[in-house]
Amino acid sequence: MSLIPDLNWRYATKKYDTAKKVSQRQLDEILEAISLAPSGSGYQPYDVLVVTNPEVREKLRAAANNQSQVTEASHLLVFAAWDNITAEKLGKVFDNMALIRGKSDSLDERRKGAIAGFEAKSAEENFHFAAQQAFIGLGVGVSAAAALKVDATPMGGFDPKKFDEILGLKAKGLRSVVILPIGHRHADGDWLVNLKKVRRPKNEMFIEVA
């Protein structure tokens, strides 16, 4: 299984080589993998912002406890979940399903049931559901990057409200939940690069329920 060596190769890169850029082909493949990530009922209730503007990234770095990866990586991906799952947003999802799969009575019933289900919940509950889906996309993106030998650093440690303000997310009905700088490691300047990977023993982490 080729994925295991790739995951052993990757680590949470602390320092990026600013002279090395992720190619457009690599970026496209990582974004395609995120697009193909599973999500609850296939709704994909989040957007991914690809931030390359240096001035914007300087502002985001200040809102991310000055973590250098925000500006030093080749690209910064910001995963932003829908702030609520509304009939309008779901309508677009089901319109796309109908376009690709063909309109059917069963699809209309699914649409009605989904809208009723989310409307019965609070906006905050719906946001948390959307954020969970964004994290699934994040995991797939990290794995895809590793397969392409592109470094990636899943990151919290930032002020979501400030990120939302800088990126104008409120007007888009979005809230930032996690960020992913991608690029190429600075092998001589990263204290973590040569340390052995540490993971919990598998016999402790995995519990069989027979």
Of all residues in the range 182-191 being at pLDDT 90 or above and within 20 Å of L76 (Cβ to Cβ), which is surrounded by the most Cβ atoms within 10 Å (Cβ to Cβ)?
I182
Listing of helices (runs of 4 or more DSSP H) fully contained in the range 1-87 that carry 2 or more residues being without any contact (Cβ under 8 Å) to a residue 60 or more places away in the chain and closer than 17 Å to G141 by Cβ:
24-35
Residue count, the range 146-173, condition crowded, with 22+ Cβ neighbours inside 10 Å and out of contact with any Leu (no Cβ under 8 Å at 6 or more places or on another chain), comes to 2
Hey, which of the helices (runs of 4 or more DSSP H) in the range 95-210, taking only ones fully inside, have at least 1 residues that are more than 22 Å from T18 (Cα to Cα), among the charged types (D, E, K, R) and touching a Cys at 6+ places or on another chain (Cβ under 8 Å)?
none
Report, by residue number, each residue of the range 1-49 that is small (G, A, S) and within 27 Å of P160 (Cβ to Cβ).
A12, A33, S35, A37, S39, G40, S41, G42
Which members of the range 8-49 meet the condition of being in contact with a strand residue (DSSP E or B) (Cβ under 9 Å, 6 or more places away or on another chain) and exposed (fewer than 12 other Cβ atoms within 10 Å of the Cβ)?
none
Given (1) closer than 17 Å to V178 by Cα; (2) touching an Asp or Glu at 6+ places or on another chain (Cβ under 8 Å), A123 misses just (1)
Going residue by residue through the range 106-124, is there one that turns out to be on the phi < 0 side of the Ramachandran plot and touching a strand residue (DSSP E or B) at 6+ places or on another chain (Cβ under 9 Å)?
no
Do we have any residue at all in the range 70-80 that's acidic (D, E), more than 15 Å from the chain's Cα centre (by Cα) and closer than 18 Å to S35 by Cα?
no
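The values are calculated or read from the model by the stated rules, or taken from the named source; none is laboratory data. Note that the structure is predicted; figures quoted are calculated from it, not measured. Note: ideal-geometry Cβ built from the backbone for every residue, glycine included; neighbour counts use all protein chains shown.
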